[in-house]
1. Take the conditions open to solvent by 70 Å² or more (accessible area, probe 1.4 Å), at pLDDT below 50, in contact with a Gly (Cβ under 9 Å, 6 or more places away or on another chain) and in a loop (DSSP other than H, G, I, E, B) and apply them to Ser25. Does it pass?
2. Yes or no: segment 139-157 includes at least one residue that is modelled with pLDDT of 95 or more and touching a Gly at 6+ places or on another chain (Cβ under 7 Å).
3. How many residues does segment 53-74 hold that are open to solvent by 10 Å² or more (accessible area, probe 1.4 Å) and among the polar types (S, T, N, Q)?
4. For segment 77-107, how many residues meet the condition of being open to solvent by less than 10 Å² (accessible area, probe 1.4 Å) and part of a helix (DSSP H, G or I)?
5. Could you check Ser168 against (1) buried (at least 20 other Cβ atoms within 10 Å of the Cβ); (2) touching a strand residue (DSSP E or B) at 6+ places or on another chain (Cβ under 7 Å) and say which number it fails?
6. If you take the residues in segment 81-112 that are touching a helix residue (DSSP H, G or I) at 6+ places or on another chain (Cβ under 7 Å) and among the aliphatic types (A, V, I, L, M), which one is farthest from Pro153 (Cα to Cα)?
7. Can you tell me how many residues in segment 230-251 are open to solvent by 20 Å² or more (accessible area, probe 1.4 Å) and at pLDDT below 95?
8. The conditions are (1) open to solvent by 30 Å² or more (accessible area, probe 1.4 Å); (2) out of contact with any Lys or Arg (no Cβ under 6 Å at 6 or more places or on another chain); (3) without any contact (Cβ under 8 Å) to a residue 60 or more places away in the chain; (4) of a type outside the set (Phe, Trp, Tyr), and Glu181 fails exactly one of them. Which is it?
Amino acid sequence: MRKVPLVVGTVVLALALGACSQERSTPSGTAKAQTGEDMVFVEGGTFVNGKSNYGDTDIAVADFYIGAYQVTQQQWMEVMGSNPSGFPGEDLPVEMVSWYDVVTYCNERSLKEGLEPYYTIDEKTKDPDNRNEYDSLKWTVTINEGANGYRLPTEVEWEYAASGGQKSKGYSFSGSDVATEVSWFWENAGDKPLSGDWNWPAIENNKNKTHPVGSKKANELGIYDMSGNVREWCWDWFESEENPGGVWRVVKGGGWMGDVINNEIAYRGKFDPSGFGPDQGFRVSRDA
């Protein structure tokens, strides 16, 4: 049995108590998500969306591909052979996966599809840049430059794609200024709509959960769920003036249990690399 990391463990276990199996209908787009033919080409350039963290900069993003959907449990099981998720369902996003789990998935999926793995994963050598006191793994993970395999998006790539790239209409959330049109979060992810201030007992009693990928409206690039459903791992260390990096990995997009502000394109989340929870998933990218 997996051991839940200290500190995040108490929260994860409490949240997992609300997990339950539900009957779910298949949304339009899910069949496409299950085939693996779900990568969207993102034309590069500078940020158009002024509500992004990079909207007033000259940072340029190169062309790349990103998953139209969050990685589903079916896709995960086809590659990894087992399902760690707390909310079982083939068309639901995989969750309860750590940053180390998902970079491993990227490499394994690349091999399965005849691609060159994007990462070199050294489980025996501690990463000297990793300063997270709760991370007992601290694997050294490096990039194989020029590899064509699957990888995690960088934070900048994620935000660029979520904001609509060159087709951006300047939304606060990925695809809309109305959160409920494009995202599952604490107010709408359960049996009935909730209102008021964020409240965990209300979320738990409301049986909030993940939802089938592609159930909400896509953004300007045809990408789904970049706001809400599950939070998404990015490649980067979480950098800020107060934190120079090496403690947390970046997570973006918010999830089914989070407040609406977490779903905003510009919101920067962070999580222990070895941490995992019922609202923690990912999507894959590839170089163009």
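1. Details: open to solvent by 70 Å² or more (accessible area, probe 1.4 Å): yes; at pLDDT below 50: yes; in contact with a Gly (Cβ under 9 Å, 6 or more places away or on another chain): no; in a loop (DSSP other than H, G, I, E, B): yes.
Spelling it out, it is not the case that Ser25 is open to solvent by 70 Å² or more (accessible area, probe 1.4 Å), at pLDDT below 50, in contact with a Gly (Cβ under 9 Å, 6 or more places away or on another chain) and in a loop (DSSP other than H, G, I, E, B).
2. No, that holds for no residue.
3. Count: 3.
4. Here is the first cut: in segment 77-107, the residues open to solvent by less than 10 Å² (accessible area, probe 1.4 Å) are 87, 92-95, 97-100, 102-103, 105-106.
Right, trim to part of a helix (DSSP H, G or I) and you get 99-100, 102-103, 105-106.
The total comes to 6.
5. Every listed condition holds for Ser168 apart from (2).
6. For segment 81-112, the residue satisfying everything is Leu92.
7. Within segment 230-251, residues that are open to solvent by 20 Å² or more (accessible area, probe 1.4 Å) and at pLDDT below 95 number 5.
8. It fails just one condition, (2).
The values are calculated or read from the model by the stated rules, or taken from the named source; none is laboratory data. Since we're looking at a predicted model, the values are computed, not measured. In this analysis, Cβ positions are derived from the backbone assuming ideal geometry, glycine residues included, and neighbour counts consider all displayed protein chains. Please note that ligands, DNA and RNA were not included when accessible areas were found on the heavy atoms of the full protein model with its side chains. Shrake-Rupley method; radii C 1.70, N 1.55, O 1.52, S 1.80 Å.
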